[in-house]
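Student: Before I ask anything, let me first share the structure, which is written out below as C-alpha cells.
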Amino acid sequence: MPTAELIHDALAKVIDPEIRRPITEIGMVRSVEVDGALAVVGIDLTTQGCPMRERITTDVEAATRTVAGVEEVRIELGVMSEEQRLELRSKLRGGKPEPVIQFTQPGNMTRIYAIASGKGGVGKSTVTANLAAAMAQDGLKVGVLDADIFGFSIPGMLGVQGQPTRLDDMLLPPIAHEVKAVSIGMFVPEGQPVVWRGPMLHRAIEQFLADVFWGDLDVLLLDLPPGTGDIAISVAQLLPHAEILVVTTPQSAAAGVAERAGAIATQTSQSVVGVVENMAWLEQADGSRLEVFGSGGGATVAGRLSKVLGTDVPLLGQIPLDITAREAGDAGTPVVVSDAGSPAASALREVARKLTSRQRGLAGRSLGVTPVKR
Ligand SMILES: Nc1ncnc2c1ncn2[C@@H]1O[C@H](COP(=O)(O)OP(=O)(O)O)[C@@H](O)[C@H]1O
Ligand SMILES: [Mg+2]
C-alpha cells in the first residue's frame, strides 16, 4: 500500500526548474493524500503565471507514480500565499530578510570573472557565453550577468527567451544550457534603446546582483561593456574581488586599447586573471593559418599588463576565427555546445578549464603591495 510518507519521499526528488531545489524543501508540496491506489497531491506554485507549471505537473506526476501501488495521480494546483512567498524568499536568501549581494558575504565561495575589452566587437560576449556553457558542461554551477547594458547580447547568444520569473521583489533567472543568465535585454522592449546614466546603471547592476536568486554558484561571469566607463567602476565597487579577464584581438592589441581595460585594475585594486586573444587566425583548407588581424597580440597585451600591474598576467588562450562560432552565437547555442569539436570550441573549452582549475587563494590575487621599482 502506498503511504503519504513514501510519496513525500518520492517528491523530494522533484527539483523546481527555476529555483533548483527539491519542491519539498521550498514549501511547494501543500498536501499528500492517499486513497487506495489514488494519490492526490496538492502543489503550490510560486506565482499564478508560473511558466514552469506544466513541467512541474509532469515531474510531480512521474515521481508519484514511482511509488509502488500508486495507479492514479491527481494533482491539485494552487498558488503560494503572500506569507509563504515571504518565507520562501527569506529561505532562498539564507535567512536574510533584505536583499544583499550574496557574493560579498563572508564565506561566499563563488569565483567572479569580469570579461573586459578595450573596444567592442572583439568577441567579449562570445567568450563569456562560451566559457559559461563550457563550465556548466563540466558540471559547475554557473551564472552570467550581462553588464553590457547598452550593448547587451547575452540573451541572444545563450538563446534565453522571456523574462525572469518574479517572486515579488526577487527575480528567478532563466536558465539556458544550464547557465543562469540575467540581462537588461530581458526587460526592455525589443528594438528600444536603453538611455540611462551613471546612477541608474549602478542601480541596475546592484539589483542584478542582489535581487536575482543566483543560488550557490561556483562561478559568476560578467560580460562588461567595452572600455572603462561607469559600469566597470560600479562592478569594481560592488564586487571588489571580481577578477578581470581581458579579451583582445591581435589588431586591437596593436592599438593598445586592450591594456586600458586591464590597467583599470590598478585603480580598482582588482586583479587581472589573464588575457584571451580572440580571432587569432583563420585555419585554411590546407591546415595553414591565415592571420587576418596580425599576430602576437594576446602575448603582447599579457606582457604589458604584467609589467603595469606587477603580477604575472598569463595569455590563457588563442581562439581562432571560426564561422561555426559566429553561427552558433547567432543561433543562441554557444559553439562549445553546438559544435564541440570545432577549433574555436576546443580553444574556448581550454580557457574555461584553466580558469576553473586555478588554485583558489593567493594565486593571481593582488596582494595590495606595490612592487619595488628598480
Ligand atoms: N572566434 C570567432 N570566430 C568567428 N566569429 C566570432 C568569433 N568571436 C566573435 N565572433 C563574432 O564577432 C561578432 C562580435 O562578437 P561579440 O562577442 O559580440 O563581441 P563583443 O561582445 O566584444 O562586442 C559576433 O558576430 C560574433 O559572433
Ligand atoms: Mg558584447
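The values are calculated or read from the model by the stated rules, or taken from the named source; none is laboratory data. The structure displayed is predicted, hence computed values, not measured ones. Note that each Cβ is placed from the backbone with ideal geometry, even for glycine, and that neighbours are counted across all protein chains shown. Calculation scope for accessible area: heavy atoms of the full protein, side chains included, ligands and nucleic acids excluded. Shrake-Rupley method; radii C 1.70, N 1.55, O 1.52, S 1.80 Å.
Student: When you scan the stretch 155-179, how many residues do you find that are more than 15 Å from P51 (Cβ to Cβ) and either part of a strand (DSSP E or B) or at pLDDT below 90 (or both)?
Tutor: 4
Student: Out of the residues in the stretch 112-125 meeting the condition of being on the phi < 0 side of the Ramachandran plot and open to solvent by 10 Å² or more (accessible area, probe 1.4 Å), tell me which one is farthest from ligand 1 (Cβ to nearest atom).
Tutor: Selected residue: G118.
Student: Inside the stretch 180-220, can you point out the residues that are without any contact (Cβ under 8 Å) to a residue 24 or more places away in the chain, hydrophobic (A, V, I, L, M, F, W, C) and assigned to a loop (DSSP other than H, G, I, E, B)?
Tutor: The answer is V188, V195.
Student: Would you pick out the residues in the stretch 280-315 that are of a type in the set (A, V, I, L, M, F, W, C) and closer than 18 Å to A265 by Cα?
Tutor: V301, A302, L305, V308, L309, V313, L315
Student: Since V40 meets every condition but one in (1) over 20 Å from the mean Cα position of the chain (by Cα); (2) within 16 Å of ligand 1 (Cβ to nearest atom), which condition does it not meet?
Tutor: Unmet condition: (2).
Student: Between a first residue in the stretch 314-343 that is of a type in the set (G, A, S) and a second residue that is away from ligand 2 (no atom under 16 Å from the Cβ), which pairs have beta carbons less than 6 Å apart while being 6 or more apart in sequence or on different chains?
Tutor: The qualifying pairs are G317/A347; G317/E350; G317/V351; A325/A344; A328/S338; S342/D322; S342/T324.
Student: Specify the residue that is most open to solvent (accessible area, probe 1.4 Å); the eligible residues are those in the stretch 126-153 that are within 16 Å of ligand 1 (Cβ to nearest atom) and out of contact with any helix residue (DSSP H, G or I) (no Cβ under 6 Å at 6 or more places or on another chain).
Tutor: It comes out as F150.
Student: Same structure again: Identify all residues within the stretch 232-248 that are within 16 Å of ligand 1 (Cβ to nearest atom) and either among the aromatic types (F, W, Y) or open to solvent by less than 10 Å² (accessible area, probe 1.4 Å) (or both); write none if there are none.
Tutor: Correct list: V235, I244, L245, V246, V247, T248.
Student: Suppose the filter is assigned by TED's automatic domain parsing to the domain that holds S338 and within 15 Å of ligand 2 (Cβ to nearest atom); does I175 pass it?
Tutor: No; evaluated as a whole, the condition is false for this residue.
Student: Got at least one residue in the stretch 89-104 being modelled with pLDDT under 95, away from ligand 1 (no atom under 16 Å from the Cβ), open to solvent by less than 70 Å² (accessible area, probe 1.4 Å) and under 20 Å from V14 (Cα atoms)?
Tutor: Yes, the stretch 89-104 contains at least one residue that is modelled with pLDDT under 95, away from ligand 1 (no atom under 16 Å from the Cβ), open to solvent by less than 70 Å² (accessible area, probe 1.4 Å) and under 20 Å from V14 (Cα atoms).
Student: Consider V73 against the criteria (1) more than 23 Å from the chain's Cα centre (by Cα); (2) touching a residue at least 24 places away in the same chain (Cβ under 8 Å); (3) closer than 30 Å to A328 by Cβ: it satisfies all of them except one. Which criterion is unmet?
Tutor: Of the numbered conditions (1) more than 23 Å from the chain's Cα centre (by Cα); (2) touching a residue at least 24 places away in the same chain (Cβ under 8 Å); (3) closer than 30 Å to A328 by Cβ, the odd one out for V73 is (3).
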